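A short write-up of the structure that comes next.
The values are calculated or read from the model by the stated rules, or taken from the named source; none is laboratory data. It should be emphasised that the depicted structure is a prediction, and the values quoted were computed from it without experimental measurement. Heads up, the Cβs are rebuilt from the backbone with ideal geometry, glycines too, and the neighbour counts pull from every protein chain shown. Ligands, DNA and RNA are excluded from the accessible area calculation, which covers all protein heavy atoms including side chains. Shrake-Rupley method; radii C 1.70, N 1.55, O 1.52, S 1.80 Å.
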Amino acid sequence: MDIVLRNYGVLLHGVLMMLSLTGAALAFAFPLGIGLAIMRLSPVGPLRAVGTLYVDIFRNTPLTVIFFFSAFILPTLGLSFSYFAFSVIALAVYYTAFYGEALRSGVNMVPPGQIEAARAIGLSFTAILRFIILPQALRHAFAPLINVTLALVKSTAIASAFGVAESVSVMELLILREGDAVFAILMITCLLYLAVTLPLALIAAAVERRMGSAR
């Protein structure tokens, strides 16, 4: 508790930065993930191919590599942002693929008969997506989407290696400052992450149980 009280401001700043990274990346990655899922469901072949290629590339590329590309390659192309912005770009680009796949898994649970009935009454592809597929897909994919968000929260730790003062970066600073309390600082950092991720995990588990009982 002495460490917490002495470094309350620094710890709070780290948590707020972690939440800011998560929120900013989520604000981009989730809608882009919806667009990616729509591309993969599109009747237009080239759109499906581009969506599939995006998912295959970014789901199989280490996130650290994407961080390096964002922080060190983009500036050479004339894009000058803060390291926070570069971190948000890296996280959003990476997790767009995962949100898209989570949503596609929800789409696969929509009864095909509803889609065929919508086509039979003359609804366009856009109308079918808007009124039939996406509302049900979001409900079915809620738990997987929460799990992707959990991974996103934990991935913000990589930003500490790129000059962003989130919780892991604060942990490193405190270890240098409080060298005789390394274990306590590690435990505090773990508890801070758990305070964010554990409620989300419990929500995902509750939704999965409810969906299971509903089926």
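Of the residues examined, Leu26 is not one that is surrounded by fewer than 17 Cβ atoms within 10 Å (Cβ to Cβ), within 19 Å of Phe86 (Cβ to Cβ) and modelled with pLDDT of 80 or more. Considering the conditions (1) surrounded by fewer than 18 Cβ atoms within 10 Å (Cβ to Cβ); (2) within 27 Å of Leu202 (Cα to Cα), Arg119 is excluded by exactly one of them, (2). Please tell me if Met17 is touching an Asp or Glu at 6+ places or on another chain (Cβ under 6 Å), in contact (Cβ under 8 Å) with a residue 12 or more places away in the chain, assigned to a helix (DSSP H, G or I) and not aromatic (Phe, Trp, Tyr). Judged against the criteria, Met17 is a match.
Looking at this structure, is Thr76 touching a residue at least 24 places away in the same chain (Cβ under 8 Å), open to solvent by 30 Å² or more (accessible area, probe 1.4 Å) and either outside any helix (DSSP H, G or I) or out of contact with any helix residue (DSSP H, G or I) (no Cβ under 6 Å at 6 or more places or on another chain) (or both)? Steps first, please.
Details: touching a residue at least 24 places away in the same chain (Cβ under 8 Å): no; open to solvent by 30 Å² or more (accessible area, probe 1.4 Å): yes; either outside any helix (DSSP H, G or I) or out of contact with any helix residue (DSSP H, G or I) (no Cβ under 6 Å at 6 or more places or on another chain) (or both): yes.
Taking the combined requirement at face value, the residue does not satisfy it.
From the list Ala102, Ala137, Ala159, Ala143, the lone residue that is open to solvent by less than 20 Å² (accessible area, probe 1.4 Å), in a helix (DSSP H, G or I), in contact (Cβ under 8 Å) with a residue 60 or more places away in the chain and farther than 24 Å from Ala206 by Cβ is Ala159. For the range 70-84, filtered to residues that are at pLDDT 85 or above and in contact with a Ser or Thr (Cβ under 9 Å, 6 or more places away or on another chain), the residue that is nearest to Thr22 (Cα to Cα) is Phe84.
Looking at Phe86, Phe69, can you tell me which residue is open to solvent by 50 Å² or more (accessible area, probe 1.4 Å) and part of a helix (DSSP H, G or I)? Don't jump to the end; show me each part of the working.
On the way: Phe86 fails: open to solvent by 50 Å² or more (accessible area, probe 1.4 Å).
After ruling out the rest, the residue left standing is Phe69.
Before we move on, is Leu152 under 18 Å from Ala24 (Cβ atoms), open to solvent by less than 30 Å² (accessible area, probe 1.4 Å), in a helix (DSSP H, G or I) and touching a residue at least 40 places away in the same chain (Cβ under 8 Å)? Spell out how you get there, then give the answer.
Details: under 18 Å from Ala24 (Cβ atoms): yes; open to solvent by less than 30 Å² (accessible area, probe 1.4 Å): yes; in a helix (DSSP H, G or I): yes; touching a residue at least 40 places away in the same chain (Cβ under 8 Å): yes.
Yes, satisfied.
Evaluate the range 112-130: report whether one residue or more is within 22 Å of Val15 (Cα to Cα) and among the hydrophobic types (A, V, I, L, M, F, W, C). Looking for residues that are within 22 Å of Val15 (Cα to Cα) and among the hydrophobic types (A, V, I, L, M, F, W, C), one finds none in the range 112-130, hence no. Residues in the range 40-57 that are open to solvent by 50 Å² or more (accessible area, probe 1.4 Å), without any contact (Cβ under 8 Å) to a residue 60 or more places away in the chain and either of a type in the set (A, V, I, L, M) or touching a helix residue (DSSP H, G or I) at 6+ places or on another chain (Cβ under 9 Å) (or both): Val44, Leu47, Arg48, Ala49, Val50, Leu53, Tyr54, Asp56, Ile57.
For Val170, the stated conditions hold: it is open to solvent by less than 20 Å² (accessible area, probe 1.4 Å), modelled with pLDDT under 65 and not small (Gly, Ala, Ser).
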